[in-house]
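In what follows, a structure is listed as structure tokens, so that the remarks can point back to it.
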Amino acid sequence: MNIGDEKDALTQMASRFVDQLTQCRKLKLEVLEGSGNHVLMELPYDKQLVGYPDTGVIHGGVITTLMDTASGCAVVCSIFDKFGLLEISPTLDLRVDYMKPAEPHKPVYGFAQCYKLSSSVAFTRAIAYQDSIDDPIAHAVGSFMRISPEMVGEEFRQALMGGSNE
């Protein structure tokens, strides 16, 4: 891992985290930026993700997956940035409010922020958008369970940290 540029290092770790998730690989989710408190991801448009064939609109469940993944990824980055520890943090609760459908044939971006870490729970907020974050498709709030670093398997740890088992 390139420790010299911490923002770049967290982006790389976030990308490796997403690459470990089969559903994210199938959706072709890409991490554009990762930092100590946020993650920005891109979901490319794909006809296979359309939930409404007459309109070409992406299924809402795919948007939920984007928001959940970006939020969980923001938690992983936040914990690593603050404590230097790698923890896995499954979703406890995610509330998504949809404001409008995504426009067909355009990528959707997911911006998620981990704004609070307690000893056992991480709290997030996220926005899905296309052209402007000020014109959201949906927003979400979530809570994620913090599981001790000892529970992270060595193979998963090496994959996220860029070790030889990658």
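State whether the residues of segment 67-79 include one that is open to solvent by less than 50 Å² (accessible area, probe 1.4 Å), among the small types (Gly, Ala, Ser) and without any contact (Cβ under 8 Å) to a residue 40 or more places away in the chain. Within segment 67-79 (the criterion being open to solvent by less than 50 Å² (accessible area, probe 1.4 Å), among the small types (Gly, Ala, Ser) and without any contact (Cβ under 8 Å) to a residue 40 or more places away in the chain), the answer is no, since none of the residues qualifies. Among the conditions (1) modelled with pLDDT under 85; (2) surrounded by 15 or more Cβ atoms within 10 Å (Cβ to Cβ), Asn165 misses just one, which is (2).
The set of residues in segment 83-107 being more than 19 Å from Asp135 (Cβ to Cβ), modelled with pLDDT of 95 or more and either open to solvent by 50 Å² or more (accessible area, probe 1.4 Å) or assigned to a loop (DSSP other than H, G, I, E, B) (or both) consists of Thr91, Leu92, Asp93, Arg95. Here Asp68 meets the list (1) acidic (Asp, Glu); (2) closer than 18 Å to Arg125 by Cβ; (3) part of a strand (DSSP E or B); (4) within 10 Å of the chain's Cα centre (by Cα) almost entirely, failing just condition (3). Pairs are defined by a Cβ separation below 8 Å, a sequence spacing of at least 6 or placement on different chains, a first member in segment 130-158 that is without any contact (Cβ under 8 Å) to a residue 60 or more places away in the chain, and a second member that is open to solvent by 50 Å² or more (accessible area, probe 1.4 Å) and among the acidic types (Asp, Glu); the pairs so defined are Gln130/Glu103; Ser143/Asp93; Gln158/Glu166. The set of residues in segment 119-162 that are part of a helix (DSSP H, G or I), touching a helix residue (DSSP H, G or I) at 6+ places or on another chain (Cβ under 8 Å) and open to solvent by less than 30 Å² (accessible area, probe 1.4 Å) comprises Ala159, Leu160.
Does Arg25 count as in contact with a Gly (Cβ under 7 Å, 6 or more places away or on another chain) and in a helix (DSSP H, G or I)? I'd like the intermediate steps shown before the answer.
On the way: in contact with a Gly (Cβ under 7 Å, 6 or more places away or on another chain): no; in a helix (DSSP H, G or I): yes.
No; evaluated as a whole, the condition is false for this residue.
Among residues belonging to segment 41-66 that are out of contact with any strand residue (DSSP E or B) (no Cβ under 8 Å at 6 or more places or on another chain) and of a type in the set (D, E, K, R), point out the one that is surrounded by the fewest Cβ atoms within 10 Å (Cβ to Cβ). Residue satisfying both the conditions and the ranking: Asp54.
When segment 37-83 is filtered for residues that are out of contact with any Lys or Arg (no Cβ under 9 Å at 6 or more places or on another chain) and among the β-branched types (Val, Ile, Thr), the ones remaining, listed by number, are Val39, Val50, Thr55, Val57, Ile58, Val62, Ile63, Thr64, Thr65, Thr69, Val76. Screening Lys116 on (1) without any contact (Cβ under 8 Å) to a residue 24 or more places away in the chain; (2) not in a strand (DSSP E or B) shows it passes everything except condition (2).
The values are calculated or read from the model by the stated rules, or taken from the named source; none is laboratory data. Here the structure is a predicted model, which means the values were calculated and not measured. Backbone-built Cβ (ideal geometry, glycine too); neighbour counts: all protein chains shown. The area values use the complete protein model at the heavy-atom level, side chains included, leaving out ligands, DNA and RNA. Shrake-Rupley method; radii C 1.70, N 1.55, O 1.52, S 1.80 Å.
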